[in-house]
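Laboratory data are not the source of any read-out in this text; all were calculated from the coordinates shown. It should be emphasised that the depicted structure is a prediction, and the values quoted were computed from it without experimental measurement. No Cβ is skipped: glycine too gets one built from the backbone with ideal geometry, and neighbour counts run over all protein chains shown.
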Amino acid sequence: MVSIRTVDATVDFPIFDAKSRSLKKTVLGMVGGNIDSESKVPVINALRDITVDINHGDRVGLVGHNGAGKSTLLRLLSGIYEPTSGTSEVRGRVAPVFDLGVGMDPEISGLENIIIRGLFLGMTRKQMVARIDDIADFTELGDFLRMPLRTYSTGMRVRLALGVVTSIDPEILLLDEGIGAVDAAFLEKARGRLSDLVDRAGLLVFASHSDEFLEQLCTTAIWMEHGRIKEQGPLSAVLRHYKGLPEPAEPAP
Amino acid sequence: MPCVIASTSLPETAWARTVRDLAGGWAQRQLWAHLGWQDIRQRYRRSVLGPLWITISMAVTAVALGILYAGLFGNPLETQLPYILVGFIVWGFISGCINEGSEVFVANEGLIKQLPAPLSVHVYRLVWRQTLFFLHNLVVYVVMLAIFPQPLTWRSLTALVALALLMVNGVWVSLLFGIVSTRFRDLVPISQSIVQLMFFMTPIVWIYGDLLNSSNPTVAERARIAEFNPFLHFLEIIRAPLLGQDQHWRHWAVVLAITVVGWALTLVAMRKYRSRVAYWV
């Protein structure tokens with residue numbers, strides 16, 4: 001069964017500056033001893049007390065200001081970061097869509113990039129070859145697919161990446177927004193495909209600043225603030241509190 | 001701090017996660033096999049001869065140095081050149097695994113932070129790439145066989161076992177060095193300098209047997225120190241069969257011991273620090 005479960009999960013980043021990361025300092029520290037605060041590595045508490053229970057069929061929106069921990073939480077939920085304390089258990093094949101550019105090689109053709117990208121997302125070569133026509137149609141890139149990726153404009157790259165991502169069958173789909181730089185007509189088309197993808201996915205977590213997108217794709221929401229979960233619940237309620245809007249008036253009789 | 005597993009439902013221990021990383025990475029061999037091959041094509045993209053340049057540069061180096069050192073040491077060319085060539089090919093694999101291994105996670109920072117793939121994927125890719133380099137260089141060896149035939153026997157096939165052992169060791173070396181030097185970046189230049197130094201300390205250009213049997217007793221005595229050099233044994237188990245020479249079983253024993261100890265160390269390091277790599281890169 002597809003699920004993500006975390007209990008009191010914490011994510012702390014040690015920040016090694018040039019000095020403290022070096023072996024010299026550690027060795028000298030061991031010999032000399034008694035170096036107090038200076039020998040400590042500064043730590044950023046990115047996430048604190050994260051307890052979530054997301055199951056098959058759940059569609060969770062992630063809201064919060066910049067730096068509230070949305071992206072880090074997505075990385076925790078994907079299993080990229082294992083918690084520094086607390087626990088996390090991710091069951092199911094994860095398809096993270098955080099950075100559309102990662103794993104793309106500018107020197108090879110669009111077609112080759114489609115295959116590689118698919119392999120990265122856990123597909124087999126055979127599965128990707130079977131999908132390549134569908135992806136090529138969707139991207140509308142035509143003969144450009146045989147050109148190296150470095151000749152593509154930003155928008156064309158986004159099309160390619162979206163084409164691959166929306167063609168797979170993920171069990172756990174983790175979306176971080178940043179799907180910009182595409183023209184409006186294409187975005188409409190991508191929306192259709194995105195919601196198809198979400199329908200196919202066993203479980204969705206979607207970080208976005210767009211109410212419209214959130215309402216279209218999600219049913220519940222998590223509100224992040226300063227690395228903690230401020231509120232979890234139905235999307236409309238969380239959004240309302242997050243925006244500081246008044247409670248809806250009682251429906252008129 | 002490794003993550004503390006305290007969940008009630010099917011707790012997965014740190015050992016289980018370590019094994020899952022290694023096995024999960026192996027299961028994705030379509031991915032790393034493709035990427036490893038891609039790395040090689042990438043390096044020679046838009047060049048007419050492509051990866052054939054690997055072969056050519058190895059041939060040029062081996063022939064030039066073979067002639068140089070045959071002259072310097074007063075050895076016959078048909079002994080010195082094959083010796084240097086095989087030594088270079090094997091050394092290329094060993095030094096590649098160590099040097100690139102210490103940077104393997106730092107170099108893949110983007111992928112590690114964006115995709116929840118097993119760490120071992122990056123290491124398998126690296127060792128596979130080095131193996132492909134090795135195979136390209138082996139072409140020079142085959143050509144060399146035509147010019148300077150070696151007394152090969154069926155026992156020469158042990159070179160295949162030796163190559164497999166080199167690869168198995170390449171994996172733990174990259175994993176261990178990769179994890180440690182992601183945390184302590186100074187280890188990258190340190191290990192690169194050591195590898196550079198070991199090139200001269202290891203019998204690659206100089207012929208070990210000649211020094212051992214040197215008429216000068218001081219030289220013969222000093223040559224024995226080379227036995228403490230682990231690279232000597234890795235080199236011997238593959239070079240001797242490729243040149244049709246006899247080899248002493250102690251080289252295999254040392255290599256097997258290093259394989260076991262190295263993997264044990266690596267598994268312990270992975271159990272404790274594997275999950276930290278994503279935080280450190």
Counting Lys and Arg as +1 and Asp and Glu as -1, each charge on the Cβ, what is the dipole of chain B about the Cα centre in debye, to the nearest 20?
-> 880
Where trypsin sites (Lys or Arg not before Pro) in DSSP loops with at most 15 other Cβ within 10 Å are excluded, longest remaining stretch of chain B = B:47-281
Difference of contour (0.36 nm per residue) and Cα-Cα distance, B:Ala23 to B:His248 = 77.6 nm
With +1 on the Cβ of every Lys and Arg and -1 on the Cβ of every Asp and Glu, the dipole magnitude of the protein assembly as shown about its Cα centre, in debye rounded to the nearest 20, is 1080
Taking r as the C-beta separation of B:Leu52 and A:His65 and R0 as 51 Å, the FRET efficiency to the nearest 0.05 is 0.40
When the charge dipole of chain B is computed with +1 on Lys and Arg Cβ and -1 on Asp and Glu Cβ about the Cα centre, the Cα farthest towards its positive end, among B:Leu256, B:Leu68, B:Leu111, belongs to B:Leu111
So how strong a dipole does the stretch B:155-281 carry about its Cα centre when Lys and Arg Cβ are +1 and Asp and Glu Cβ are -1, to the nearest 20 debye?
-> 640
With the radius of gyration and the Kirkwood radius both derived from the Cα set of the stretch A:60-210, what is their ratio Rg to Rh?
-> 0.97
Assertion target for A:Met147, B:Met58, ordered by fewest C-beta neighbours within 10 angstrom first, is A:Met147, B:Met58
When you look at the Cβ of every residue in B:185-191, what mean number of other chain Cβ atoms sits within 10 Å?
-> 2
Just the projected area, averaged over all directions, of the convex hull on the alpha carbon atoms of the protein assembly as shown: how many nm²?
-> 32.2
Choose one of B:Gly36, B:Met198, B:Ala162: the residue whose Cα lies farthest towards the positive end of the charge dipole of chain B (beta-carbon charges +1 Lys, Arg; -1 Asp, Glu; about the Cα centre).
-> B:Gly36
On a 0 to 90° scale, report how tilted helix B:120-147 is relative to the longest principal axis of chain B, with both axes built from alpha carbons and the result rounded to the nearest 10.
-> 10
In nm, to one decimal, how far is the modelled label at B:Trp15 from the one at A:Ser210, with both set 7 Å along Cα→Cβ?
-> 4.9
What FRET efficiency would be calculated for the residue pair B:Leu77, B:Leu152, taking the C-beta separation as r and a Förster radius of 25 Å, to the nearest 0.05?
-> 0.85
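With N set to the residue count of chain B, report its C-alpha Rg divided by 2.2 N^0.38 Å to two decimal places.
Against the compact-globule rule of thumb, the ratio is 1.10.
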Which semi-axes, in whole Å and largest first, does the equivalent ellipsoid of the stretch B:40-136 have when worked out from the alpha carbon gyration tensor as the square roots of 5 times its eigenvalues?
-> 34, 16, 9
Mind sorting A:Ser210, A:Ser71 by how few other Cβ atoms lie within 10 Å of their own Cβ, fewest first?
-> A:Ser210, A:Ser71
Just counting partner chain Cβ atoms within 10 Å, what average do the residues of peptide B:109-115 show around their Cβ?
-> 6
Checked against a 30 Å limit on the C-alpha separation, the offending pairs among A:Lys230/B:Lys113; A:Lys70/B:Lys272; A:Lys126/B:Lys272; A:Lys230/B:Lys272 are A:Lys126/B:Lys272; A:Lys230/B:Lys272
For the residues B:Cys97, A:Cys218, what sequence is obtained by ranking on other C-beta atoms within 10 Å, fewest first?
-> A:Cys218, B:Cys97
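Determine, from the Cβ-Cβ distance of A:Ser195 and A:Thr151 and an R0 of 30 Å, the FRET efficiency 1/(1 + (r/R0)^6), rounded to the nearest 0.05. Write out the running numbers ahead of the final one.
Values: r = 31 Å, r/R0 = 1.04.
Efficiency, rounded to the nearest 0.05: 0.45.
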Under 12 Å from the Cβ of B:Asp39, count the other residues' Cβ atoms, weight Lys and Arg +1, Asp and Glu -1, and hand me the total.
-> +2
